[in-house]
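The values are calculated or read from the model by the stated rules, or taken from the named source; none is laboratory data. Small disclaimer: the values here were computed from a predicted structure and weren't measured. All Cβ positions, glycine included, derive from the backbone under ideal geometry; neighbour counts span all protein chains shown. Surface areas here come from the heavy atoms of the whole protein model, side chains and all, with no ligands, DNA or RNA. Shrake-Rupley method; radii C 1.70, N 1.55, O 1.52, S 1.80 Å.
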Amino acid sequence: MKRKYRVKTGTKTIEREYNYIPVRYIVAVLITLLEIIAIIGIVAVCCYYIPYFYIAAWLTEIFCVIKIIASDDNPDYKVPWLLFVLILPIAGFMLYFLFYSRKLNKRFIRRLDELKRYGYEKENGAVLALEKENAHAAAQAKMLCSVSGASVFGSTKQTYYPLGEDMWQAMLNDLENAERFIFMEYFIIEEGIFWNSILDILKRKATEGVTVRVLYDDIGCMSTLPGNYHKTLKRFGIEAMPFSRLRGQADGEFNNRSHRKICVIDGKVGYTGGVNIADEYINKIKRFGHWKDTGLRLEGEAVWELTRLFLTDYGINVKKLPEIKEDLYPRQEMRANGYVIPFGDGPHPLYERRVGKSVIQNMLSSATKYMYMTTPYLIIDNELCGSIENAAQRGVDVRIIVPHIPDKRMVFGMTRSFYHRLMKAGVRIYEYEPGFIHAKSYVADGKYAMIGTINLDYRSLVHHFENGVWMYGCDSIGDLQEDIEKTMEKSIEVTPKMLKTGPVTRFIRSVVRIFAPML
């Protein structure tokens, strides 16, 4: 018998069944565990029975320690691995060889050169115009384009949505008007009111000859969709594929998930933000109080970059690359204020630097009056923590809004463990009292903003494929700022008295924080 849980839908409380994890995921995890145990076991047996083999193991451990120390990785990531290698002599260095690297899967890397042909022809007209308008903004834009491979776009209309349910209705209208293609990529898709309303349109559009492609993360959807759901979608004429299908390999396949949220319609309209395709994100069910999320609609040539990001992710997961069509990047004449850069972030070698982190740090360094941030999690490295502190100590009004009702209690405890240090530097922290805030929004001085999928945690900033939209001088920045200010009014400002905890709690949080970069 399936277990049930209670959720609120409007004024009513209903019971829903938990989705069980499909068998293939359980098998893949068990195979991975067996591989790890077998590898470590073989080395341990060799050390015990083969003369002087332990010397080779000891030299290997020294090699691992030296390599970790000499690497260019963030010190926050090095420390827990050094502990693992030194405390667990055999298991430690074997786990290092299996999991330390955060680079893109080799089978993905082989596809990258082929996928370059899916790019669009870049122009520098918007960059030159931005340089004339604001040299400092142009410098930020050039940095972002350099590390992400994206482009600056002007004349792109933006519409900001303060709630997932607002974006949902707009998406349905645009999907109904699709004529050539629909591309959708999401970390989570869950069967329910939200997804079913979209699926009905996708099935109808596929029968009309519209190319429909759907990409969903395999681990993100392990408890929300059947194990072979892509085959179900293919029967409807939808070209679907799970991102980085879990196969049970003792390597980094559990990292480098696609946390992106992208919807592209005819290459003319694009959606992104924090909203996944599940009823929780539009408040049709409520497990953690009111779900506060944000979305952004783009109309214009900036949508080209969202198209490119989707095609890259889709291309590294399918066996046969889709053909290139002329209508992928249609020309459009739009009148709109400001400049936008849709961009991607992810693992090496696709991205050599941490793109999202660089954007946030640049916004903090450029802010002179205020910097407001919303994030569901606050688990950051010392470098980013220092950037936030420096901005506050320069006199910038830095405010961060996080949830008051957590979705993961351990993660929430880690989030709260950063309060004391940040508040000591003058940062003001708020907890969204009505429920869970999932929005990933950043605004500085009313001039710069970034909306996307990037949380202030290691998963988003280091491991996952992410995407965002950097904006300067756009009308939607004012809408975002107004929404954040209204959200603050509904939130509790954290005070020093609220930070008092017992010694056991402090110890647990300290230990978890050490190993957070590895998770």
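Data for the structure
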quantity: For q = 0.15, 0.20, 0.23 Å⁻¹, Debye-computed log10 I/I(0) when each Cα of the range 202-241 counts as one equal scatterer; calculated: -0.35, -0.57, -0.70
quantity: Those aspartates and glutamates that a straight Cα-Cα span of less than 19 Å connects to K231, excepting residues fewer than 8 apart in one chain; calculated: E185, E190, E191, D200, D217, D218, E239, D313
quantity: Fraction in percent of alpha-carbon pairs per bin - 10 Å, the range 124-260; calculated: 10, 29, 28, 24, 9, 0
quantity: Nitroxide proxy distance, nm - points 7 Å out along Cα→Cβ at T505 and V318; calculated: 5.1 nm
quantity: Over 22 Å between alpha carbons, listed pairs K106/K320; K106/K142; K284/K408; calculated: K106/K142
quantity: Long-range amide H partners of G119 with built H, under 5 Å; calculated: none
quantity: Column: log10 I(q)/I(0), Debye, Cα scatterers of the range 387-443, q = 0.12, 0.26 Å⁻¹; calculated: -0.30, -1.10
quantity: Inter-label distance, nm, simple model (7 Å from Cα along the C-beta direction), E485/E123; calculated: 3.6 nm
quantity: Whole-Å semi-axes of the chain's equivalent ellipsoid (Cα gyration tensor); calculated: 35, 29, 25
quantity: Cα gyration tensor of the range 141-201 - equivalent ellipsoid semi-axes, whole Å, descending; calculated: 28, 15, 14
quantity: Inverse mean reciprocal Cα-Cα distance (Kirkwood Rh) of the range 362-411, Å; calculated: 11.9 Å
quantity: Span-like helix ranges in the chain, DSSP H, alpha carbon extent 27 angstrom or more, Kyte mean at least 1.6; calculated: 23-49
quantity: Amide H partners (placed H, <5 Å) of R180, local residues excluded; calculated: D266
quantity: Cα→Cβ-extended label distance, 7 Å offset, between R111 and I50, nm; calculated: 3.7 nm
quantity: Simple Cβ-charge dipole of the range 191-326, Lys/Arg +1 and Asp/Glu -1, about Cα centre, in debye nearest 20; calculated: 340 debye
quantity: Probe 1.4 Å, accessible area per residue of the chain, Å²; calculated: 44 Å²
quantity: Part-to-part distance (alpha-carbon centres) for the range 115-157 and the range 23-96, which is given in Å; calculated: 43 Å
quantity: Amide H partners (placed H, <5 Å) of V269, local residues excluded; calculated: none
